[in-house]
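Taken together, the values in this text are just the output of simple stated rules run on the coordinates, not laboratory data. Please read these numbers as outputs of a predicted model, since none were measured by experiment. Counting neighbours? That spans all protein chains shown, and the Cβs are built from the backbone with ideal geometry, glycine included.
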Amino acid sequence: MMSNDNTLPPVPQRVESQRLLIRPSTRADAPYLKRWWNDPQVTTPGGNQAGMQYDDDDMETWFRRYVDGRAHSTHFVICLREPTEQPIGEFYIASDDRPGCVGCALIIGEPSLWGKGYGSEALAAYAEALFATGTCEAIRIDMRVDNVAAQRMARKVGFAVEHVWANGQFQTMLLSRAAFELHKVRQAEIAAGLRR
């Protein structure tokens, strides 16, 4: 699921966008995470068609391994900011084997909220905050080649396909800091009517 590698530099711990808050996962989030991870509708786009089938013991092990006692979180919950900071998804950052690059993944765990732009908003907000730290020059995200919604989400933020895996089922998309800045300029030009 995610790397337990402590070589990752500290990453932003709280990020806000217009509609969302991304904050470290806590044990209070366990019911949401367990429900999302066990829901085949949520996990199938990522390639896990049966859900993860986590029980309470699995959740306890996961929290001990990835959350408890960490000085800096690498697993986050995406919440609606208003009115009650309702959790709607998860986001995590992992070490990457390329210097200056991190891997990430996210899900919107509430299918009723799919297609409303929450994934791309969370990804853009976190990219902005992460690049502002100066600790990272690129973000990688892996996804199934048939996950059209995830590809659309990543492209909306400026990601581009880096390569398709040898098995032909997955691809890696990459967002460099320079590409993200250029994408923001282009989006501003479109909003101002200067570009289509």
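So here's what we get for this one:
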{"item": "Selection status of Met173, aliphatic (A, V, I, L, M), crowded, with 19+ Cβ neighbours inside 10 Å and touching a residue at least 60 places away in the same chain (Cβ under 8 Å)", "result": "no"}
{"item": "Per-region count, the stretch 146-171, residues more than 20 Å from Thr44 (Cβ to Cβ), under 16 Å from the mean Cα position of the chain (by Cα) and not aromatic (Phe, Trp, Tyr)", "result": "5"}
{"item": "Among residues of the stretch 108-145, those that are under 12 Å from the mean Cα position of the chain (by Cα), buried (at least 18 other Cβ atoms within 10 Å of the Cβ) and outside any helix (DSSP H, G or I), counted", "result": "6"}
{"item": "Where Thr61 falls short, out of the listed (1) of a type in the set (Val, Ile, Thr); (2) more than 26 Å from Phe131 (Cα to Cα); (3) in contact (Cβ under 8 Å) with a residue 12 or more places away in the chain", "result": "(3)"}
{"item": "Of all residues making up the stretch 146-168, the number that are surrounded by 12 or more Cβ atoms within 10 Å (Cβ to Cβ) and either in contact with a strand residue (DSSP E or B) (Cβ under 9 Å, 6 or more places away or on another chain) or among the polar types (S, T, N, Q) (or both)", "result": "14"}
